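First the structure, in the form of structure tokens, and then the observations on it.
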Amino acid sequence: TGIDGVQYRYIKAGEIIAINSAVDYTSAYVASVTDAGDYFFGVAQVAFAADEYGWIAEKGVVSALVGGTPAAGASLARDTASGGTLNVVTAGDGVEVPAAVSLSAVGAGTETVILF
């Protein structure tokens, strides 16, 4: 846990990861924005080169890339179609597991969210 109250996990970037990108990572903690088959989740607070090591935010208030125009309080999940962004979870999204809540309604781009 950082002094900002955010919980972090040490990972290895399996590919280039842009700042604020939502990632999945394997049980070996190799992070990816394109692999949607893993169960762990986090958001990169810095950019990573492929094979670089560093910390991914897992829980707390962070900046994240968000697609669409979520309302404040909207449940968000990792968008498996356009890797690296969070999207609004709707009733038809049975496979998406909510992982965050939007804190404002600013539209697509970088937004402040709560990871849980």
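The values are calculated or read from the model by the stated rules, or taken from the named source; none is laboratory data. Bear in mind that the values here come from a model prediction, so they are computed numbers and not experimental data. Quick reminder, even Gly has a Cβ in these numbers, built from the backbone with ideal geometry, and neighbours come from all protein chains shown. For the accessible areas, the whole protein counts, side chains as well, though only heavy atoms, and no ligand, DNA or RNA atoms are used. Shrake-Rupley method; radii C 1.70, N 1.55, O 1.52, S 1.80 Å.
General observations
- Residue tally, condition open to solvent by 40 Å² or more (accessible area, probe 1.4 Å), at pLDDT 85 or above and not aliphatic (A, V, I, L, M), over region 38-53: 4
- Filter pass, VAL97 being at pLDDT below 85 and either out of contact with any Cys (no Cβ under 9 Å at 6 or more places or on another chain) or surrounded by 15 or more Cβ atoms within 10 Å (Cβ to Cβ) (or both): yes
- Residue within region 18-37 that is outside any loop (DSSP other than H, G, I, E, B), modelled with pLDDT of 85 or more and open to solvent by 40 Å² or more (accessible area, probe 1.4 Å) present: yes
- VAL61, sole failed condition from (1) modelled with pLDDT of 90 or more; (2) part of a loop (DSSP other than H, G, I, E, B); (3) open to solvent by 70 Å² or more (accessible area, probe 1.4 Å); (4) aliphatic (A, V, I, L, M): (2)
- Of everything in region 64-81 that is outside any loop (DSSP other than H, G, I, E, B) and more than 16 Å from ALA44 (Cβ to Cβ), the residue that is modelled with the lowest pLDDT is ALA77.
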